[in-house]
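The values are calculated or read from the model by the stated rules, or taken from the named source; none is laboratory data. Every value quoted in this text rests on a predicted model; they were computed, and no experiment measured them. Backbone-built Cβ (ideal geometry, glycine too); neighbour counts: all protein chains shown.
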Amino acid sequence: MTAGELLESRGKPLRGKIQAQAEFRGETTVTISREHVREVAQFCRDELSFDYLLDITSIDNFGEEPRFELAYELYSMPFAVHLRLKLKVSEDDLTIDTVSDLWPTAEWHEREVYDMMGLRFNQHPDLRRILMWEGYPYFPLRKEFPLEGLPSDMPDVAFTASAPLEGGPFVTRPSTATTKDREPRARRPGNEI
């Protein structure tokens with residue numbers, strides 16, 4: 001049974017809440033409105049047996065409105081099917097209801113989305129930054145955030161100047177060498193491996 005067939009047979013109560021449904025390469029994606037995220041998520045967990053939340057991802061569609069998009073990756077252990085719930089979030093209101101009480105793994109995923117993209121989750125039990133330090137004024141996965149970073153006013157916590165692009169953690173040189181040897185830190189003098 002596919003997720004589409006599962007929705008077709010058991011998902012009648014969701015009919016008015018689903019804005020769009022798409023099938024691609026055996027995966028079902030359902031688009032819902034932000035207002036229905038808790039209700040749809042709970043129905044998927046309780047009635048459709050999507051008992052495992054794999055991930056929550058956020059997308060920045062800079063220049064479009066609504067700008068942000070969230071994707072909840074669900075999996076049903078009993079039926080061995082995958083379902084993606086998608087919703088759009090406007091810059092005018094960056095809050096979404098939490099699903100951390102439905103799937104405990106959502107607590108960390110929502111914290112990461114908040115930390116990297118700036119989207120807030122209502123009723124989250126511990127919404128604080130997970131990778132960046134408290135008080136950091138930027139959201140690094142937004143498209144206006146420069147690749148080289150931004151200067152910081154906190155010299156004891158982070159660099160005070162932008163990080164140089166050459167030798168950065170994502171910059172490697174094309175060659176036939178192994179990944180380990182192309183890695184920027186391996187090219188520094190004295191770092192012979």
Segment 99-116, residues that are in contact (Cβ under 8 Å) with a residue 40 or more places away in the chain and closer than 24 Å to residue 7 by Cα = 99, 102, 103, 105, 106
ask   = Looking at segment 1-76, what strands (runs of 3 or more DSSP E) fall wholly within it and have at least 1 residues that are exposed (fewer than 12 other Cβ atoms within 10 Å of the Cβ)?
value = 18-24
query = Which is at pLDDT 90 or above, charged (D, E, K, R) and within 26 Å of residue 51 (Cα to Cα), of 91, 69?
reply = 69
